[in-house]
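Read the structure below first, then the notes.
The values are calculated or read from the model by the stated rules, or taken from the named source; none is laboratory data. Predicted model, so just to flag it, every value in this text is computed and none were measured. Reconstructed Cβ throughout: ideal geometry from the backbone, glycine too, with neighbour counts over all protein chains shown. Please note that ligands, DNA and RNA were not included when accessible areas were found on the heavy atoms of the full protein model with its side chains. Shrake-Rupley method; radii C 1.70, N 1.55, O 1.52, S 1.80 Å.
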Amino acid sequence: MEKTLADEKKSTEDSEHVSLPGSHDPLPSEEHEEIPPHLKDWNSLSASEQDIKEAFRRYASSKCCYRSAPAKHMKVRNLTPLNTFRYRLETFTETRETCVASEFYNGGFVDSSAVAPPPAPWEIMVDPPPLFTDCEMHLPIPHSYSVENCPNCKGCGAIRCQSCEGTGKKKCSACGGSGTNTLEGDNICSWCSGTGDSHCFSCRSNGWLKCYRCSGNGVLLFHTELTITWKNNILEHLADKDPNFPIYLLQEATGEEILCDENFSVFPIIDFPETSIEDYSRACIEQHRMQLALGSVHHILKQKQTIELVPLTKVEYEWKGKLYSFYVFGKENKVYTKGYPAKCCCSVM
């Protein structure tokens, strides 16, 4: 009996020291070894030597003056990975601005402020476009309509003819206003009958023209027009690794996205192997905050920052005992080189 009680007590003590599944169990070894992609060995060759040779052959064949022999028979001496990072900050904003617009008024109901107070620009509900897409919308603000005199004709419906300055007459072009025609022996001008004046064809001798803005009604229907602009504001930075390689070529090159941070407000990048990316992330976020967070005009709807790893490899090769070099960049394996060892002279016939 005592032995049985002792065994039960020992069993109870052992059960109290057993951890629940998933509570304090150590992580598997493969989870400990897993690290973020941007902290791995990012500066390694992104393309094989065979792919690099093939890219160089395609490049040479695309040039009419380049002979194919160096690209086909070169000896690769050194491959230097210079992979770089591209940082991009996208700030999606909405801007609302108002202006006064007018249209013809031919009578009828006027949705004025007497019906209801007009809403403020940011009180109007609209469906936004997809995120990070530029778009613009124009719409009238309800209850902002009013009928007022046309500012062009001051409510008269007509404006003075500029051709005759409102007189309805112009100087006769045949006699120059003298009333006589020297070509006809100083006789009375037959065009103006000696008056020296002719009718104004612009206003039909009326001296006035119908106002084009109000179409002669003298009044216009005014309203407040709301313009909503959605804009994706972009700042981009490429870490420059080699002064001999034109950095602008990487702007159109495709890379591999290794980080994407999307939120209403993003924070600067920290603990990144390339310090210039951290600095530029901090500067870009601050620049957009100062430029775009203007309260009543701009609203920041969303922000997104991404980092791409853009492949870049410097290739040193030998051709006929001399060393040359070129660069392979982007996931497309594009080629850049300052010189090519074998060119032919082409002439246009």
Open item on the list: Apply the a/c threshold of 1.5 to the C-alpha gyration tensor of region 72-170 and tell me whether it is rounded, prolate or oblate.
Closed with: oblate
Task: Spread of Cα-to-Cα distances over 5 Å intervals beginning at zero, given as percent, for region 210-282 - done: 3, 9, 13, 16, 12, 7, 5, 4, 4, 4, 6, 7, 6, 3, 0
Open item on the list: Give me the percent of accessible area attributable to carbon and sulfur for region 41-187, probe 1.4 angstrom.
Closed with: 50 percent
Task: Contour minus Cα-Cα distance for Glu278 and Glu257 (0.36 nm per residue) - done: 5.9 nm
Task: Distance violations [Cα-Cα > 23 Å] among Lys241/Lys304; Lys241/Lys320; Lys75/Lys338 - done: Lys241/Lys304; Lys241/Lys320
Task: Cross-link reach list, lysines versus Lys302, counting only Cα pairs under 21 Å and skipping chain neighbours closer than eight places - done: Lys231
Open item on the list: Please report, in whole Å³, the volume per residue of the convex hull around the C-alpha atoms of region 218-349.
Closed with: 237 Å³
Task: Distant-in-sequence amide H partners of Leu82 (H built 1.01 Å from N, under 5 Å) - done: Leu312, Thr313, Lys314
- [ ] Quick one: what are the phi-derived ³J(HN,Hα) couplings along region 259-274, Karplus 6.51/-1.76/1.60 with θ = phi - 60°, whole Hz, x for glycine and proline?
- [x] 8, 9, 10, 10, 6, 5, 8, 9, 10, x, 6, 10, 6, 10, x, 9
- [ ] With the convex hull built on the Cα atoms of region 59-113, state its orientation-averaged projected area in nm².
- [x] 12.5 nm²
Open item on the list: Ranking request for peptides 124-134, 163-173: highest mean number of other beta-carbon atoms within 10 Å first, then the rest in descending order.
Closed with: 163-173, 124-134
Open item on the list: Per residue, how large is the accessible surface of region 169-295? Use a 1.4 angstrom probe and give square angstrom.
Closed with: 61 Å²
Open item on the list: As a test of understanding, state the convex hull volume per residue of region 132-267 from its alpha carbons, in Å³.
Closed with: 284 Å³
- [ ] Give me Rg over Rh for region 163-239, both radii from the alpha carbons and Rh done the Kirkwood way, two decimal places.
- [x] 1.58
Task: Accessible area in square angstrom per residue, region 105-152, 1.4 angstrom probe - done: 66 Å²
